[in-house]
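First the structure, in the form of structure tokens, and then the observations on it.
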Amino acid sequence: MTIHRRAFLTASASAACAVGLGITPQAQAASPQEGARKKLRILILGGTNLTGPHNVRYALERGHEVTIFTRGQRKPGLFQEAFEHVEHLIGDREDNLEALKGRTWDAVIDASGRKVEWTEKTAQLLQDAAQTYLYVSSTGVFYPYRTTEISEAMPPVFVDPTDGKNGSHAYGVMKALSENAARAAFGRDRTLVIRPGYIVGPLDRTHRGTYWPTRLRRGGEVLVPGKKTDEVQQIDVRDLTEFMIRSLEAGTSGTFNVTGPGSRTTMEAFVHGVGSAIGSDVTWTWVDDYGFLDAQRIGFAIPWILPTGDHLGSQRIDVSKAKAAGLSFRPIGTTAIDTLKWYDTLTPEQQQKPRMAISPEKEEAVLRAWAAR
């Protein structure tokens, strides 16, 4: 076991951190209410993947101390300067939690829970070492989405009828059981469960959120799957993580569905919003025949999901509870532009892995088939 510890912010380090994060002195200046905010000691399990760097950036920006627990094998894709002011603990959630023993924090963010056993072990180990355990779950706990109105009052699915053969079933059940593992260790009044929908924005290496900004920038005839009135949802990673940090500051507990935009959005409004922000020169071809799309094996182009069967209500998640608790949203166009800026920093190889939802060749072939139907 190797533990690397760095002292947090001294006065000079604080100034250096501000520069590294792009924070101006004016942006750092606190209002009377902000000045009264309690400085938290936050442990992030993970910290270098999608949500981690954004959590680190925002927590430091708001004056908190941050510790990350990782295997030490990945560098953050953004805000590298910020990580110079973070305490690094090295271990492995599978079999090495030694670095977490004998320490205390105000809050834990479990953003890397991919196994129920991981959450069980860390939550049990830390139940007397922290006040709040924030578990990042997923709206996938409701899969299959057989209803069109899904709120926190709807019970999650705890049994996988496919015994692991259906990845969506297995993932949702894993998240639901992990939520319960966190609550079992910390109790409901000290557990905060966040259920994001599709997370997009800078650092989205799944390329689910990069498809539409890059496709519309390319211009030309654009295949848009689904009906113009199909509803779509996604959450900017920064809106998600900033809500998480502010919730910890407020001492919030409970369970929240967290996705966006801030109001119900149709696919037509979404693509036009992204296209307008980018300044696209496009023509739209709407392929609104679900049967045709299914035959062409186009079932998704995030945030659009074919709204049939098990995915009927996947884009109709109720987030009114989170909005009442302070969830805020960037404009769709802002997310698209910032995603493109980040995407353009990747190597050509990184931009191709994994492949995007619809390749140019696939789009061209489907458009020909649609025109000839």
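Odds and ends about this structure:
- Computed [θ] at 222 nm, helices only, for the chain once each DSSP H run of length n ≥ 4 contributes -39500 (n - 2.57): -10500 deg cm²/dmol
- FRET efficiency for residue 361 and residue 206, using Cβ-Cβ distance with R0 set to 25 Å, rounded to 0.05: 0.75
- Principal semi-axes of the equivalent ellipsoid, √(5λ) from the alpha carbon gyration tensor of the stretch 226-373, are 31, 20, 14 Å from largest down.
- With contacts taken as Cα pairs under 8 Å and at least 6 residues apart, the stretch 216-281 reaches a relative contact order of 60 percent.
- Normalised by the number of residues in the chain, the average gap of Cα pairs under 8 Å and 6 or more apart makes the relative contact order 17 percent.
- As a proxy for reagent exposure, 200, 271, 366 were ordered by neighbouring Cβ count within 10 angstrom, fewest first; the result is 366, 271, 200.
- Spatial extent of the stretch 89-245: Rg and Dmax, with the Cα atoms as the point set, Å: 18.2, 60
- Taking other C-beta atoms within 10 Å as the exposure proxy, 68, 109, 302 rank 302, 68, 109 from fewest upward.
- Taking each of 39/75; 175/227; 101/165; 101/323; 165/362 in turn, the alpha-carbon distance tops 29 angstrom for 175/227; 101/165; 101/323.
- With each label modelled as a point 7 angstrom along the Cα→C-beta vector, the residue 165-residue 80 pair spans 4.7 nm.
- P(r) tail fraction, the chain - alpha-carbon pairs more than 40 Å apart, %: 16
- Cβ crowding within 10 Å ranks 148, 119, 339 as 148, 339, 119, fewest other Cβ atoms first.
- Under 5 Å between amide hydrogens, built in the peptide plane, is the criterion, and for residue 134 it picks out 108, 109, 110, 192 among residues at least 5 positions away or on other chains.
- Once the Cα-Cα distance is subtracted from the 0.36 nm per residue extended length, the residue 128 to residue 229 segment shows a gain of 31.4 nm.
Bear in mind that the values in this text are calculations on the coordinates, not laboratory data. Only a predicted model underlies this, so the values are computations on that prediction, with no experimental measurement involved. With ideal geometry, Cβ positions are generated from the backbone for all residues, glycine too; neighbour counts draw on all protein chains shown.
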